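Before any comments, here is the structure.
The values are calculated or read from the model by the stated rules, or taken from the named source; none is laboratory data. What you see is a predicted model; the values in this text were computed from it and never measured. Don't worry about glycine lacking a Cβ; one is built from the backbone with ideal geometry, like all the others, and counts go over all protein chains shown.
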Amino acid sequence: MQRIFLQAVTALVFFTGCSVSKNYNPDKKYSPQQLQQDYLLLRNILEKKHPSLYWYTPKDSMDYFFDKGYQSITDSMTEFQFGWNVLAPVISKIRCGHTSFAMSKGWYKFIKNKQIPSFPLRLKVWGDTMVVTANLNRKDSIIKKGMLITSINGMSNQEIVSQMFNYLPLDGYSESVNYIRISGNFPYYHRVIFGLYKNYEVGYIDSSGQEKATVIHMFVPGQDSTKEKDTTAKISRHEYRKQDKASYRSLVIDSSINTAVMTLNTFSKGNGIRLGHFFRKSFRTIRKNKIHNFILDLRSNGGGDIDMYVSLAKYLRNTPFKVADSAYAAAKSLRPYTRYINHGIFNNIGLFFLTNKQADGNYHYGYWERHLFKPKIKNHFNGNAYVLINGPTFSASTLFCNAVKGQSNVKLVGEESGGGWYGNNGIMIPDIILPITKLRVRLPVFRIVQYHHITEKGTGVIPDISIPPTVEGVRKGIDRKMLIVKEIIKEDSVK
């Protein structure tokens with residue numbers, strides 16, 4: 001199979017007709033000396049300011065990976081090559097889901113609204129199973145939605161996933177979030193990790209259960225699809241804001257099974273969401289309607305503000321609780337690297353006023369360690385609660401899951417969370433901006449060890465009722481987790 005290098009693609013085969021910004025050139029190459037300078041700066045910042053650099057990877061192993069990354073810089077590279085070929089594999093070894101790299105702002109401005117060729121199949125991936133959810137080459141008469149894929153270019157599914165995971169961040173050893181990531185955009189991850197090919201040899205299982213192989217062509221936007229007329233109805237600004245808020249959070253009452261379903265995709269207070277008001281209104285509605293069952297969908301909730309998870313937990317938790325057994329930073333400030341860190345001065349002010357050095361040598365955020373939060377009395381929910389979780393259930397969502405797990409009327413349902421159950425890193429998460437390439441790396445400032453944490457670290461929060469994906473569920477496009485929970489509620493109502 002003939003591989004096409006991505007830098008050639010960015011220069012030659014964008015199919016939108018947009019002019020390239022005069023201020024940004026994606027094919028610009030940086031000398032090894034420039035890349036080494038950015039790399040060493042990043043290593044120094046991580047070694048001195050990251051609170052959990054050696055939490056899962058011992059120092060001698062992390063030193064080995066840092067050295068190996070540095071030694072791989074032997075030639076000039078583009079921003080893209082440096083980010084994906086050098087930074088991503090090293091950063092993944094930290095095993096911190098909040099420590100990840102991103103391309104420069106210039107890159108994202110350049111790439112916006114552009115479509116480039118890619119591997120043509122969208123796949124739902126878990127374990128070593130890959131199910132086709134869409135074939136971008138619509139004229140392909142062989143590979144259809146619902147088919148099982150067994151190999152790509154001679155690589156087994158297991159080999160492909162294993163290699164992809166070497167480039168992606170996660171908390172500890174909870175791989176569930178990365179299965180969701182690559183399922184969300186398999187063509188993108190296959191392209192950036194394995195490169196582009198004009199043709200792909202794909203193994204698959206046909207309708208009779210026989211394993212076969214075929215060659216499929218690279219997907220080229222515009223060549224295998226027709227432009228569809230935009231039939232989207234125009235809506236008012238008020239209706240747009242309403243729909244935008246609903247995409248972050250919503251509450252639906254299913255009176256047929258006396259159940260309230262809350263979908264919560266963030267714990268962030270941004271975008272005018274006003275989560276505190278939403279929670280108060282929702283649980284008042286639940287009480288007034290005498291609802292006995294509550295489903296909370298956190299499957300797309302990547303976290304947000306700790307105080308918002310606390311606010312929600314108060315309506316469900318029966319006993320007082322704290323946020324953390326420990327929450328601390330490795331340093332009192334980000335100096336001497338402040339100028340390389342986005343909003344570095346403001347983070348320094350926060351560290352100065354919020355933390356105190358303790359006997360262990362770390363700078364503790366005492367409020368989250370000491371403050372005892374009491375359950376709500378007014379509109380507190382005392383019925384049966386089911387919390388849907390999976391890989392993208394992360395960060396503050398994981399803290400919430402820990403706060404309610406084990407309570408007799410609460411069941412966590414679905415798949416292992418992506419965020420660490422023992423603890424994770426966060427609270428303040430500014431970007432390190434490398435001065436030469438402008439690549440960005442997220443830097444969590446605090447380590448959080450969960451309140452009444454489990455003894456074993458490395459897993460996500462484990463559901464009480466496990467509902468993994470199934471091939472049949474993917475083929476039919478059904479939400480098995482939601483359907484099964486509603487069936488449980490129906491069965492319990494007739495007992």
First in segment 302-327 and surrounded by fewer than 21 Cβ atoms within 10 Å (Cβ to Cβ) and among the polar types (S, T, N, Q), second anywhere and assigned to a strand (DSSP E or B) and at pLDDT 95 or above, Cβ under 6 Å, 6 or more apart: Ser326/Val449
Cβ pairs under 7 Å, 6+ apart, first in segment 37-51 and assigned by TED's automatic domain parsing to the domain that holds Asp431, second of a type outside the set (Asp, Glu) and modelled with pLDDT of 95 or more: none
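How many residues does segment 376-400 hold that are of a type outside the set (A, V, I, L, M) and closer than 22 Å to Lys281 by Cα?
Step one: filter segment 376-400 for residues of a type outside the set (A, V, I, L, M), giving 376, 378-384, 386, 390-395, 397-398, 400.
Imposing the further condition that a residue be closer than 22 Å to Lys281 by Cα reduces the set to 376, 378-384, 386, 397, 400.
Adding up the residues that qualify gives 11.
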Search result, residues across segment 107-120 that are under 16 Å from Tyr24 (Cα atoms) and crowded, with 17+ Cβ neighbours inside 10 Å: Trp107, Phe110
Among (1) free of Cβ contacts under 8 Å to residues at least 60 places away in the same chain; (2) surrounded by fewer than 18 Cβ atoms within 10 Å (Cβ to Cβ) - the single one Asn402 does not satisfy: (2)
Of all residues in segment 121-149 being among the hydroxyl-bearing types (Ser, Thr, Tyr) and closer than 23 Å to Glu415 by Cβ, the one that is surrounded by the fewest Cβ atoms within 10 Å (Cβ to Cβ): Thr133
Every residue from segment 166-181 that is surrounded by fewer than 22 Cβ atoms within 10 Å (Cβ to Cβ) and either among the acidic types (Asp, Glu) or in contact with a Leu (Cβ under 8 Å, 6 or more places away or on another chain) (or both): Glu175, Arg181
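Test Ser255 against the criterion of being surrounded by 14 or more Cβ atoms within 10 Å (Cβ to Cβ), closer than 30 Å to Asn384 by Cα and at pLDDT 65 or above, and give yes or no.
Numbers: surrounded by 14 or more Cβ atoms within 10 Å (Cβ to Cβ): no; closer than 30 Å to Asn384 by Cα: yes; at pLDDT 65 or above: yes.
Spelling it out, it is not the case that Ser255 is surrounded by 14 or more Cβ atoms within 10 Å (Cβ to Cβ), closer than 30 Å to Asn384 by Cα and at pLDDT 65 or above.
Going by what's in this entry, would Ser174 be described as closer than 29 Å to Lys93 by Cβ and touching a residue at least 60 places away in the same chain (Cβ under 8 Å)? Show your work before the answer.
Working: closer than 29 Å to Lys93 by Cβ: yes; touching a residue at least 60 places away in the same chain (Cβ under 8 Å): yes.
For Ser174, the condition - closer than 29 Å to Lys93 by Cβ and touching a residue at least 60 places away in the same chain (Cβ under 8 Å) - is met.
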Residue in segment 366-382 that is in contact with a Ser or Thr (Cβ under 6 Å, 6 or more places away or on another chain) and either within 24 Å of Tyr340 (Cα to Cα) or among the β-branched types (Val, Ile, Thr) (or both) present: no
Looking only at segment 84-118, and only at residues there that are among the polar types (S, T, N, Q) and touching a helix residue (DSSP H, G or I) at 6+ places or on another chain (Cβ under 7 Å), the one that is farthest from Glu175 (Cα to Cα): Ser104
Residue, surrounded by the fewest Cβ atoms within 10 Å (Cβ to Cβ), within segment 30-83, restricted to residues that are out of contact with any helix residue (DSSP H, G or I) (no Cβ under 8 Å at 6 or more places or on another chain) and of a type in the set (Lys, Arg): Lys59
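With a cut-off of at least 2 residues that are more than 20 Å from Gly477 (Cβ to Cβ), name the strands (runs of 3 or more DSSP E) lying wholly within segment 115-191.
Details: elements: 121-126, 129-135, 148-152.
The qualifying strands (runs of 3 or more DSSP E) are 148-152.
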